[in-house]
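Notes follow the structure.
The values are calculated or read from the model by the stated rules, or taken from the named source; none is laboratory data. Note that the structure is a prediction, hence the values are computed from the model and not measured. FYI the Cβ positions are ideal-geometry reconstructions off the backbone, even for glycines, and counts take in every protein chain you see. The protein model used for the area step is the full one, side chains on, heavy atoms only, and it has no ligands, DNA or RNA in it. Shrake-Rupley method; radii C 1.70, N 1.55, O 1.52, S 1.80 Å.
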Amino acid sequence: MEILNYAFMQRALLAAVLVGITAPAVGIYLVQRRQALMGDGIGHVAMTGVGLGFLLSTSPVWMATAVAVVGSVLMELIRWYGRTRGDIALAMLFYGGMAGGVMLINLAPGGSNANLSSYLFGSLSTVSQGDVLAICVLAALVVLVTLGLRRQLFAVSQDEEFARVTGLPVRALNLLTAITAAVTVTVAMRVVGLLLVSALMVVPVAAAQQLSRSFAATFAIAVTIGVGVTLGGTVTSYYQDVPPGATIVLLTIAVFIALTALATPLARRRARAVAAATGGEAGATDCVLPEAAAGAGTAPQPAPEKVPDSRTPAPR
Amino acid sequence: MKAIRPENPADPVISLRGVTAELGSRPVLRGIDLTVHRGEVVALLGANGSGKSTAVRTVIGQVPVSGGEIEIFGTPRRRFRDWARVGYVPQRTTAAGGVPATVTEVVSSGRLSRARFGVLRKADREAVHRALAHVGMTDRAKDSVNALSGGQHQRVLIARALASEPELLIMDEPMAGVDLASQEVLAATLREQVAAGASVLLVLHELGPLEPLIDRAVVLRDGCVVHDGPPPAAVGQHALPGHDHVHPHTADAEPVRTGLLS
Ligand SMILES: Nc1ncnc2c1ncn2[C@@H]1O[C@H](COP(=O)(O)OP(=O)(O)OP(=O)(O)O)[C@@H](O)[C@H]1O
Ligand SMILES: [Mg+2]
């Protein structure tokens, strides 16, 4: 593969894999708590960080991380305390962050919105050695949190009120989710860009849902899709000379559409398999009148709600 | 079901004294007293919007109180950490979140309070299975909760509360949308729990098959306790929205217009 001979492509592909893993891994919790667009908000806020990085001539990646973390914590605090008009406060944060980024980058010496563009939409050739190091460290943190605390994060994202009664530190876990999402946004920034990050957090999860019934399977499928589309998109972007972020996102949406089209026949097949497995008596899917089924001479039994124990699955 | 630290068995499991709470700067609880003794089954009744859920949510710390005292197992709520002893069924119409999850996955989250660092061992998985069997959902264990009916969602929520094998069950309208046959099943489950020494605080609109289990009823109206004593007879009829309530046990048998309170 000649593509691997270029150092910048090696870096880009490594970054792409890490983004493919982390974005859906965090995104699944955001989707679960019905805050699918939180990643988008953080992406906007992170623009101010990029601008600050240029202005102070420090690494835009680390600066964006710092500002995104602050922004995500602010969003979480607004969610707790700002019951009234929380959406307005969030909107101000989003657009303030975006405007701040554009303003700061114009104030930076020699800066122009052209510099910003590679952060907004992603770019392969500009992923530097330092970026890759930062991305590796941050991605490791994200994986540690999203996998290591999956049961706790699942419980809090599924039902916050109930999670409180299991003694979980709900606020700390919410903050951790927000911070992890912020970190993921900056991990993904160089490859897909700040404006498209959220798509990679949400769409693979939505696509995975078409196939799965369990959270664990959704997680695994979403990460698989994430890695597939980031790698595929990066390679396509190299050979066709098209922007990587847009390629990856369009590819993800294509996967979503394909899986959605596949899901219906698959579900039907599964339902048939279940019907065949549970019994095998003729016409299991048809309605049978109780008179026809009742044996002669036996008193009518109240319909048992429970299935006989023999049919219960063995403990996993 | 054993006490983890020595405590006075005469202590009530739940004790609210003069609790007030505001939601959106509007007083919702205006000084309520509520006690659940060990082994007791207490029903919390009242019209829509009378503050039942809010009262329950102050106990678990979901709603901040502005006055009064709350104790759980004799410990002030702020210092109470032993949440594995409490099972909670929130008022919900669904157990589903934004991502598919199996019945087992949802019920397992109820076991987290007993699992160290979120690691579920064999004993934990068995407890989850028992909880599912209690509500008759064993055969749906591997199905997605998104594919359940309303009453089945309710059963999953109850199983989740039972998974930690709690000594105290707090249930907010656990029978909403559950058919009569399943209510009987759940009543039997509850009877077992009580026989094993559990205490129960239940928010209900109709006593239904649970009636024989209930030791005491507390009726809220507009954020105040208007009755605390034996369960009102035939509350099921009276709980219908828009009906005039006459509680035979209150001295001033004043009609409660449920329709005007929400
Ligand atoms: N988040 C909120 N913000 C402001 N007011 C609220 C909020 N939640 C509830 N309330 C108000 O508090 C009052 C009590 O509500 P609560 O949920 O405790 O009633 P309830 O007795 O449980 O009613 P239901 O039978 O309908 O469940 C209601 O009048 C309601 O309007
Ligand atoms: Mg309620």
Of all residues in the range B:64-92 being aromatic (Phe, Trp, Tyr) and under 18 Å from B:Pro9 (Cβ atoms), the one that is farthest from ligand 1 (Cβ to nearest atom): B:Phe73
Residues of the range B:115-146 classified as within 7 Å of chain A (Cβ to nearest Cβ) and either β-branched (Val, Ile, Thr) or touching an Asp or Glu at 6+ places or on another chain (Cβ under 8 Å) (or both), total: 2
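Looking at the range B:47-65 only, could you name the residues that are more than 14 Å from chain A (Cβ to nearest Cβ) and under 18 Å from B:Val86 (Cβ atoms)?
B:Lys52, B:Ala55, B:Val65
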Enumeration of residues in the range B:88-103 that are at pLDDT 90 or above and either more than 30 Å from A:Arg213 (Cβ to Cβ) or more than 8 Å from chain A (Cβ to nearest Cβ) (or both): B:Val89, B:Gln91, B:Val103
Enumeration of residues in the range B:166-182 that are away from ligand 2 (no atom under 16 Å from the Cβ), open to solvent by 30 Å² or more (accessible area, probe 1.4 Å) and more than 10 Å from every other protein chain (Cβ to nearest Cβ): B:Leu180
Selected residue [in contact with a Gly (Cβ under 8 Å, 6 or more places away or on another chain) and closer than 27 Å to B:Gly151 by Cα] from B:Gly68, B:Gly46, B:Gly87, B:Gly98: B:Gly87
Scan of the range B:41-63 for residues that are more than 8 Å from ligand 1 (Cβ to nearest atom) and farther than 11 Å from B:Leu202 by Cα, ordered by number: B:Thr58, B:Val59, B:Ile60, B:Gly61, B:Gln62, B:Val63
For B:Phe80: the one exception among (1) more than 7 Å from every other protein chain (Cβ to nearest Cβ); (2) under 24 Å from A:Val274 (Cα atoms): (2)
Filter result for the condition that a residue is touching a Lys or Arg at 6+ places or on another chain (Cβ under 9 Å), at pLDDT below 80, small (Gly, Ala, Ser) and away from ligand 2 (no atom under 16 Å from the Cβ), over A:Gly111, A:Gly86, A:Gly82, A:Gly122: A:Gly86
Answer from A:Gly96, A:Gly43 - the residue that is at negative phi and open to solvent by less than 30 Å² (accessible area, probe 1.4 Å): A:Gly43
Hits in the range B:138-165 - residues which are open to solvent by less than 10 Å² (accessible area, probe 1.4 Å), in contact with a Leu (Cβ under 9 Å, 6 or more places away or on another chain) and not hydrophobic (A, V, I, L, M, F, W, C): B:Gln154, B:Ser164
Residue check for B:Leu157: part of a helix (DSSP H, G or I), within 20 Å of B:Val86 (Cβ to Cβ) and within 16 Å of ligand 1 (Cβ to nearest atom): yes
Filter result for B:Arg38 (charged (D, E, K, R), modelled with pLDDT of 90 or more and within 16 Å of ligand 2 (Cβ to nearest atom)): no
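Which one of A:Leu211, A:Leu231 is surrounded by 14 or more Cβ atoms within 10 Å (Cβ to Cβ) and in a loop (DSSP other than H, G, I, E, B)?
Going through A:Leu211, A:Leu231 in turn, just one is surrounded by 14 or more Cβ atoms within 10 Å (Cβ to Cβ) and in a loop (DSSP other than H, G, I, E, B): A:Leu211.
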Any chance A:Thr224 is of a type outside the set (A, V, I, L, M, F, W, C), crowded, with 20+ Cβ neighbours inside 10 Å and without any contact (Cβ under 8 Å) to a residue 60 or more places away in the chain: no
Qualifying positions in the range A:185-202 - open to solvent by 30 Å² or more (accessible area, probe 1.4 Å) and assigned to a helix (DSSP H, G or I): A:Val202
Listing of helices (runs of 4 or more DSSP H) fully contained in the range A:59-167 that carry 3 or more residues being within 22 Å of the chain's Cα centre (by Cα), within 14 Å of chain B (Cβ to nearest Cβ) and in contact (Cβ under 8 Å) with a residue 24 or more places away in the chain: A:129-148, A:150-158
So B:Val28, is it among the hydrophobic types (A, V, I, L, M, F, W, C), over 28 Å from B:His134 (Cβ atoms) and away from ligand 2 (no atom under 16 Å from the Cβ): no
Positions within the range B:169-224 being assigned to a strand (DSSP E or B) and away from ligand 1 (no atom under 16 Å from the Cβ), in sequence order: B:Leu169, B:Ser199, B:Val200, B:Arg216
Any chance A:Gly53 is part of a helix (DSSP H, G or I) and touching a His at 6+ places or on another chain (Cβ under 8 Å): no
